[in-house]
Structures are given as C-alpha cells and as structure tokens.
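Peer 1: Just passing along the structure, written as structure tokens.
A short reminder: the numbers here are calculations on the coordinates, not readings from a lab. If you're wondering where the values come from, they're calculated on a predicted model, not measured in any experiment. Here the Cβ positions follow ideal geometry from the backbone for every residue, glycine too, while neighbour counts run over all protein chains shown.
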Amino acid sequence: MNNQQILSLIQSGESQTLELKESFQKQIIETLVAFANTRGGKVIVGVPKVKSIVGVNINDETVQEWINQIKLTTYPQLFPSIDIYQIDNKTIAVIDIREFPVKPVAYKDRYYKIVGNSTHKLPLDEVVYLQHESLSISYDANPVSSNINDLDNKLIDQYLIDINARGRIDFQGNIVEKLIKLKLIRDNKITLSALLLFGDQLIKSPLLIAVDEVMTYINKHINLSYEFTGELRRVDHWQYPLGALRELVLNAIIHRDYKSSSDIIIKIFDDSIVITNPGKLFGDITLDDLSRDDYVASHRNKLLTEAFYFLGEIEKYGTGITRVRRMLLEEGYSLSLGYEVRPNTIITKLALIVSNATPNATPMTTPISNKNKIIKLIKDNPRITRDELASEIGISINGIKQHISKLKKENFIKRIGSNRAGYWKITQ
C-alpha cells in the first residue's frame, strides 16, 4: 500500500477489518487473534481512534520484538506482516493478519472474534463451533455411544426412498454405505444427527416423525374458517398459513442447541403462536439480520439441515425466514413475525394484526383433524395426488401415506384403478 491508501484507510475509521491503536499493547494481540478467527484485518499503530496521526517509536529491532511477542502468546502461532510508513514526518506501523485456516486461534488460552467494530471474548460453544467448522463438521456430526440397532430401520428405509425420489441426491449401496455417504455414520459410529433423525433415545420422537406430530398438534388448536366462492366451491382459510408454520417448526428443529436439556416449546394463544427454542443466535447472525432478506445464515447443525434439504423440506439453505415472510405477503395474511433473544433462548412470535376472516366467512369452532381434511379433499377432488394432499394439509408425504393407509384399513376410502390413472372413492 502507498501513503495515500493508508490515509484513506485511517479516514474511513475502524471497522470489522481495521483497528486504530496509539501504541503497541496486549490489546493489539487480542485484536489480531480476533481478526484471525473472523475475516482477517489490519491494525494501524501510531494512530489513535480520533484518526489523527501521532506516530510511534519503532525500528527493525522493535518490529522483531513485536513479532516474537505475537508468536509466543498465540496458538496456533500467528506470523503477521508488519510494514512501516512515514507520513507527515511521523512513523506508523501497519500490522496485517489474514483469516487463519485452522480455528480457533487463542491468545494466552483465551479466544476472541470481531463483532461489529469490537473485539469480543468467545463463549465456549462458539469455540467448539470454530473447531468443528475448521474440520468441516458441526456439533450434530459428533459420534454417539448408540449404534445402528438403536435406530428405526423402517424409517431409514423410507427416508432413503424419499430422498432418491426427490432427485436431490442419488446413490447406491446398502443402508450403512448410504448413511456413511450422508455423513450420518462417521468413524464406524452413528452421529448425533442420525440418532436425532431416526432414534428416540434423546427426544420423544425421531425428528422425521416429530415434524408431522407437531403440525398435527398445531392444526388441532388453530381455527379454520371457510367461504363460498362464486363457483359454489368452499375455500378454507386457516388462522395461520400452514406452510409458514411448518417452515418455522423446521427452523426451530434445525437451529436448536441440542447440548441444552431444554425442549422446544410451542404455545398457541388466541392471537399468536410463540416458539421458544433453546440456543443463542448462531455464528455472526444478529437480531437485526433476521429482519432482512439478504443475511447469510450459519448452521449449528449442518447434517440435520442437509437431511431435511435432501428430503425437499428445505428449499434452499438459509432462506427459511425469507420464505415465511413471502408466504405471509402472498397469501394475504395480516400477521407480524418477530423475534426476541433471551439468555440461551430464541423466541419466535407469529402474531395476528387484523383478523383474517372475511365478512362472509363462517368460523369453525372445532378444528378439523388431518384424517377428516384428507376425506374432504378427496371428496372435492377424487383424483387428487398424495403430493397435492401434503401441500394442502401442510404435512410430509410420509404423513399422508400413513393417513391414507389407515383410512383404507378403516374402510373410509378405497382406490379405484391404478395409482397413475385411478381415483379415490369415499366409502363411508
């Protein structure tokens, strides 16, 4: 860099990649460690925060002393570049450090990162995250003491069939080989993500089943109204858009801190739904970021995120909240989506602004069960597909298959003709 570029940097002021210091002190090493753990950056020595150059006494021997002090107090050892500049007859030093490839870097066994324009000490969970991120793993990739016999093999089989059908991944081999390719088995041990997806030792239901169970619970406790169109067809209006609710449930499951013994809690009030999720905002995400559509998401549980992505439950990484806002807008709901951060907890609130019911809508005080919804949809459209049923009701294809199987056994419906060209018939 030349002197003019240095002056431009100074005038731009401190940022996530620049800090100004009047003299060399231990805080500079803390900042360099924070830069190394974040995106890299520069420290200009001889310039206080007021941006006026005061200069610093420095020579080749001083530079070597600084380098040695930085090297001996950091682990892994940092070797920054230090360049000397003469500006307005004053000497300044620019210490440049790049983002370190193996994180986290420590200064005297303490870890730091840049948040905004400040250096912050890293809490333990973020130290663990940086370690895992450097190894391209996440917390849910850790092996557990359980083995594959503790998992629901039928659920695994169905999951593998479904993700192949979705076309987002296609592979051959036995169950173990496929789980290894999905990183759900690591070092001959099942990972936490596999146990959460297909087992019930840590949680009440495997996550692949829990999503539908939660949606069934919500559907039973929110209102459904309907109106008749000019074509004498009845149009249903749920109190909340089911697709948005499912997205929020998935978001809570994927981003939950599974080190915490607390559960995800969903409370349904007359005018709002509140989801309380164990865990702090993860990575560099802030509360303000969640109100924007261009933020870059960080994933605490990468394998869980991938598992639901392959299943088609997640459209694109890091876009869940944006899709919820889009659904609310496109479907004409007068609802607000808000967040609150408390110690080790994130609270999501979907609240009614103005009632969504129209003057000619008749409220139904008794919510309809998924079974009755399927029967009603089949009655309205005997050729409706399983995919269409899943979309209308807001549950997965697996959930629809289970309900259809039960309805057929109970002789409520039967299939006339082939799966491709046939239709459903209501028998009761």
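Peer 1: Give me the distance in nm between label points sitting 7 Å out from Cα along the Cα-to-Cβ direction at SER8 and ARG292, one decimal.
Peer 2: Placing both labels 7 Å beyond Cα along the Cβ direction yields 2.3 nm.
Peer 1: Hey, another quick one. Can you pull out the trypsin sites (Lys or Arg not before Pro) in the range 381-428 that DSSP calls coil and that have at most 15 other Cβ atoms within 10 Å?
Peer 2: Passing sites in the range 381-428 are ARG383, ARG420.
Peer 1: So, one more: Please provide three numbers in whole Å: the alpha-carbon extents of the range 3-121 along the principal axes, with the largest listed first.
Peer 2: Sorted largest first, the three principal extents are 38, 32, 20 Å.
Peer 1: Can I ask one more? The range 139-233: D in µm²/s via Stokes-Einstein (Kirkwood Rh, Cα pairs, 20 °C, 1.002 mPa s)?
Peer 2: The estimated diffusion coefficient comes to 138 µm²/s.
Peer 1: Under the √(5λ) rule applied to the eigenvalues of the Cα gyration tensor, what semi-axes describe the equivalent ellipsoid of the chain? Give them in Å, descending.
Peer 2: In descending order, the three semi-axes are 54, 26, 17 Å.
Peer 1: For the modelled label position 7 Å from the Cα of LYS26 along Cα-to-Cβ, which residues of the range 67-82 have backbone nitrogen atoms closer than 13 Å?
Peer 2: Answer for the range 67-82: 73-74.
Peer 1: Now for a separate question. Need one number: the % of Cα-Cα pairs in the range 242-322 sitting beyond the 14 Å mark.
Peer 2: Pairs farther apart than 14 Å: 66 percent.
Peer 1: Cα axis of helix 370-380 to longest principal axis of the chain: angle in degrees, 0 to 90, nearest 10?
Peer 2: Once rounded, one gets 60 degrees.
Peer 1: Sticking with this structure for a sec: Taking the Cα-to-Cβ direction at ARG325 and at ASP236 and moving 7 Å from each Cα, how far apart do the two end points lie in nm?
Peer 2: Rounded to a tenth, the inter-label distance reads 2.9 nm.
Peer 1: Given the Cα-Cα distance of ASN153 and GLU133 and 0.36 nm per residue of separation, how much length would full extension add, in nm?
Peer 2: Net length gain for the segment: 4.2 nm.
Peer 1: In the neighborhood of ASP140, defined by Cβ-to-Cβ distances under 9 Å, what is the net charge if each Lys or Arg adds +1 and each Asp or Glu adds -1?
Peer 2: +2
Peer 1: Need one number: nm distance between label points at SER145 and ASP60, each 7 Å from Cα along Cα→Cβ, rounded to one decimal.
Peer 2: Going from the SER145 label point to the ASP60 one covers 6.1 nm.
Peer 1: Another one. Let me check I've understood the local charge: for ILE266, count other residues with C-beta under 13 angstrom from its C-beta, Lys and Arg +1, Asp and Glu -1. What total comes out?
Peer 2: In short, +3.
Peer 1: Using the Cα centre of the range 1-115 as origin and beta-carbon charges of +1 (Lys, Arg) and -1 (Asp, Glu), tell me which of PRO76, VAL50, PHE24 is placed farthest towards the positive end of the dipole.
Peer 2: Working it through, the farthest residue towards the positive pole turns out to be PRO76.
Peer 1: Relative to the Cα centre, what is the charge dipole magnitude of the chain, using +1 at the beta carbon of each Lys and Arg, -1 at the beta carbon of each Asp and Glu, and rounding to the nearest 20 debye?
Peer 2: Result for the chain is approximately 1500 debye, rounded to the nearest 20.
Peer 1: Need one number: % antiparallel among DSSP beta bridges in the chain, to the nearest 5.
Peer 2: 95
Peer 1: Using a Förster distance of 51 Å, how high is the FRET efficiency between ILE175 and LYS220, based on the Cβ-Cβ distance and rounded to 0.05?
Peer 2: Once rounded, the FRET efficiency stands at 0.90.
Peer 1: Here is a follow-up. Would you mind counting up the charge near TYR339? Only other residues with Cβ under 13 Å from its Cβ, with Lys and Arg at +1 and Asp and Glu at -1.
Peer 2: +2
Peer 1: Right, next: In square nanometres, what is one fourth of the surface area of the convex hull spanned by the alpha carbons of the range 153-352?
Peer 2: Taking a quarter of the hull surface, the average projection is 13.3 nm².
Peer 1: May I ask which residue of VAL176, ASN301, SER262 lies farthest towards the positive end of the charge dipole of the range 153-352, with charges of +1 (Lys, Arg) and -1 (Asp, Glu) on Cβ and the Cα centre as origin?
Peer 2: Of the options given, the answer is VAL176.
Peer 1: Using modelled backbone amide H atoms (1.01 Å from N, in-plane), which distant-in-sequence or interchain residues come within less than 5 Å of VAL115's amide H?
Peer 2: For VAL115, the qualifying residues are HIS120.
Peer 1: For the range 369-426, what ratio Rg/Rh do Cα atoms give with a Kirkwood hydrodynamic radius?
Peer 2: My calculation puts Rg/Rh at 0.91.
Peer 1: Taking loop as defined by DSSP and a crowding limit of 12 other beta carbons within 10 Å, which GluC sites (Glu not before Pro) in the range 267-345 fit?
Peer 2: Here the sparse-neighbourhood loop sites are GLU315.
Peer 1: Using the 10 angstrom Cβ neighbour count as an exposure proxy, how do LEU329, LEU389 rank, fewest first?
Peer 2: LEU329, LEU389
Peer 1: Sticking with this structure for a sec: What number results when the radius of gyration of the range 49-88, computed over Cα atoms, is divided by 2.2 N^0.38 Å?
Peer 2: Scaled against compact globular proteins, the figure is 1.42.
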